[in-house]
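The values are calculated or read from the model by the stated rules, or taken from the named source; none is laboratory data. Everything numeric in this text was worked out from a predicted model, so none of it was measured. Ideal geometry is used to build each Cβ from the backbone, glycine not excepted, and the neighbour counts take in all protein chains shown. These accessible areas exclude ligands, DNA and RNA; they are computed on the full protein's heavy atoms, side chains included. Shrake-Rupley method; radii C 1.70, N 1.55, O 1.52, S 1.80 Å.
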Amino acid sequence: MKPDVLVAVTVFPEILDKLARHFEVTANQDDVPWTPAELTQQLQGMQGAFTTGTVRIDARLLAACPQLKICANMAVGYNNFDLDAMTAAGVLATNTPDVLTETTADFGFALLMATARRITESEHFLRAGQWGRWRYDLFAGAEVHGSTLGILGMGRIGQGIAKRGAHGFGMKVIYHNRSRLDPATEAACGARWVSKAELLKTCDHLVLVLPYSADSHHCIGAAELAQMKPTATLVNIARGGIVDDVALAAALRAGTIAAAGLDVFEGEPTVHPDLLACHNVVLTPHIASATLTTRRAMAHLAADNLIGFLVHGQPLTPLNPQVLAV
Ligand code: GLV
């Protein structure tokens, strides 16, 4: 008998075909936003779940779904999983690292450029018919090449952004991370480790690429923004909640920093009205990994984790491999 698998979000039809070769598949192709109770109901009898960042898997749900063996996230981030609870319940968690690194780094750089050079703000001005004539200071923004790029969180995506900055734009790259990179990796990235205080104080453009956790919650708030240069820009492609959005909107209004580019938000898809009211912020709907090639690679990796584990006992990218040893 084929195992039962729930695909909790809309995916490429080819992924459903691939999964159907191995599993009895229940799909949510209409992308119905299930409440936790509805998700629990849908998961009854399922051994596997194909999830993404919007699907919360916690202790309460796990207790009500004793047949569940694996949740395969189509995302590199996995703060939607209570990983400790999953491990305690013997449920394997997997994510999709590596396949999105370069695409996400491209987007981080695109958002940095759009923010520094005021691209969306100036486009709105043009579309609104407000472009009268040339002016020497019309949408004058911040220099990118040769400036100082700060990176908070220096995993694979942070390193990709560092390389683009150092080698493509001649930027001086500094970073802060709990653990320092080895000297060879630092050299390849053209990056130097500094304290968080020095990072905030020194950089012209700060990009956030750290995972969300209780430790990183609001790690950029009013106090941190106040340490940055008034000409600095801030880009968040990591997770909502790392930045205190209300404090950021206040800093953007007050000119504490010059501009921000945000792909992620606290409580997304709702965006705080204070941010929507700011002209000096570029806003995008959590699309940093969104090219068709990369999203397809992520979906295939999530599906291959389900097949690898439930059919062959061998997942490709486990987050809690200790579950396999039991
Ligand atoms: C997207 O946010 C991801 O974590 O892959």
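In whole Hz, with x marking every Gly and Pro, tabulate ³J(HN,Hα) for segment 172-188 from phi via Karplus 6.51 cos²θ - 1.76 cosθ + 1.60, θ = phi - 60°.
Running phi through 6.51 cos²θ - 1.76 cosθ + 1.60 with θ = phi - 60° gives 7, 10, 10, 9, 10, 8, 3, 10, 6, 5, 5, x, 5, 5, 4, 5, 5 Hz.
Accessible area per residue for the chain in Å², computed with a 1.4 Å probe and the full protein assembly in place, what is it?
Averaged over the residues of the chain, the accessible area is 47 Å².
What would the Debye equation give as log₁₀ I(q)/I(0) for segment 101-283 at q = 0.08, 0.09, 0.11 Å⁻¹, counting only Cα atoms as equal point scatterers?
With one equal scatterer per Cα and no solvent, log10 I(q)/I(0) is -0.23, -0.30, -0.44.
If you add up the charges near Val282, with Lys and Arg at +1 and Asp and Glu at -1, over every other residue whose beta carbon is less than 11 angstrom from its beta carbon, what do you get?
Cβ neighbours under 11 Å give a net charge of -1.
Using only Cα atoms, figure out Rg for the chain and give it as a multiple of 2.2 N^0.38 Å.
Working it through for the chain, the quotient is 1.08.
For segment 175-244, compute Rg over Rh where Rg is the Cα radius of gyration and Rh is the Kirkwood radius from the inverse mean 1/r over Cα pairs.
On the Cα set of segment 175-244, Rg over Rh gives 0.97.
Can you tally the net charge around Leu316? Count Lys and Arg as +1, Asp and Glu as -1, for every other residue whose Cβ sits under 11 Å from the Cβ of Leu316. Don't skip to the end; give the middle numbers.
Numbers: positive: none; negative: Asp98, Asp304.
Local charge sum for Leu316: -2.
Compute the signed sum of charges (Lys and Arg +1, Asp and Glu -1) over the other residues within less than 15 Å, Cβ to Cβ, of Asp245.
-4
Under 5 Å between amide hydrogens, which residues at least 5 positions from Val235 or on another chain qualify, with H placed 1.01 Å from N in the peptide plane?
Leu206, Val207, Leu208, Gly261
Quote the charge dipole size of the chain about the Cα centre in Debye, to the nearest 20; the model charges only the Cβ of Lys and Arg (+1) and of Asp and Glu (-1).
Dipole about the Cα centre, nearest 20: 740 debye.
Across bins of 10 angstrom width beginning at 0, how are the C-alpha pair distances of segment 18-150 distributed, in whole percent?
10, 28, 20, 16, 16, 9, 2
Place a +1 charge on the Cβ of each Lys and Arg in segment 1-145 and a -1 charge on the Cβ of each Asp and Glu, then give the dipole magnitude about the Cα centre in debye, rounded to the nearest 20.
With only Lys, Arg, Asp and Glu charged at Cβ, the dipole is about 220 debye.
Please check which bits of segment 251-267 a label hung off Arg56 would reach, taking the label as a point 7 Å along Cα-to-C-beta and the cut-off as backbone N under 18 Å.
Inside the label zone: 265-267.
Quote the charge dipole size of segment 101-283 about the Cα centre in Debye, to the nearest 20; the model charges only the Cβ of Lys and Arg (+1) and of Asp and Glu (-1).
That gives segment 101-283 a dipole magnitude of about 480 debye.
Please list, ordered by chain and number, the residues whose modelled amide H lies under 5 Å from the amide H of Tyr175; skip anything fewer than 5 residues away on the same chain.
Ile151, Arg192, Trp193, Val194
Can you give the helix-only mean residue ellipticity at 222 nm for the chain, where every DSSP H stretch with n ≥ 4 adds -39500 (n - 2.57) and the sum goes over all residues, rounded to the nearest 500 deg cm²/dmol? Spell out each step's value before the answer.
On the way: 14 runs with 119 residues, N = 326.
When only DSSP H runs of four or more count, the value is -10000 deg cm²/dmol.
Please turn the phi angles of segment 257-274 into ³J(HN,Hα) values with the Karplus equation 6.51 cos²θ - 1.76 cosθ + 1.60 (θ = phi - 60°), one per residue in order, whole Hz, x for glycine and proline.
Result, ordered by residue: 10, 7, 6, 9, x, 10, 9, 9, 9, 5, x, 4, x, 6, 10, 4, x, 5 Hz.
Got a number for the accessible area of His218? Probe 1.4 Å, square angstrom, nearest 10.
The value for His218 is about 60 Å².
At 1.4 Å probe size, put Tyr175, Tyr136, Tyr78 in order of accessible surface, largest to smallest.
Details: Tyr175 0, Tyr136 175, Tyr78 85 Å².
Most to least solvent-accessible, the answer reads Tyr136, Tyr78, Tyr175.
Can you work out ³J(HN,Hα) from phi for every residue in segment 220-231, in order, using Karplus 6.51 cos²θ - 1.76 cosθ + 1.60 and θ = phi - 60°, giving whole Hz and x for Gly and Pro?
10, x, 4, 5, 6, 4, 5, 7, 7, 5, x, 8
Separation of segment 96-167 and segment 1-30 by C-alpha centroid, Å?
Centre-to-centre distance over Cα atoms comes out at 37 Å.
Give me, ordered by chain and number, the residues 5 or more places off Asn73 or on other chains with an amide H under 5 Å from its own placed amide H.
Thr51, Thr94, Asn95
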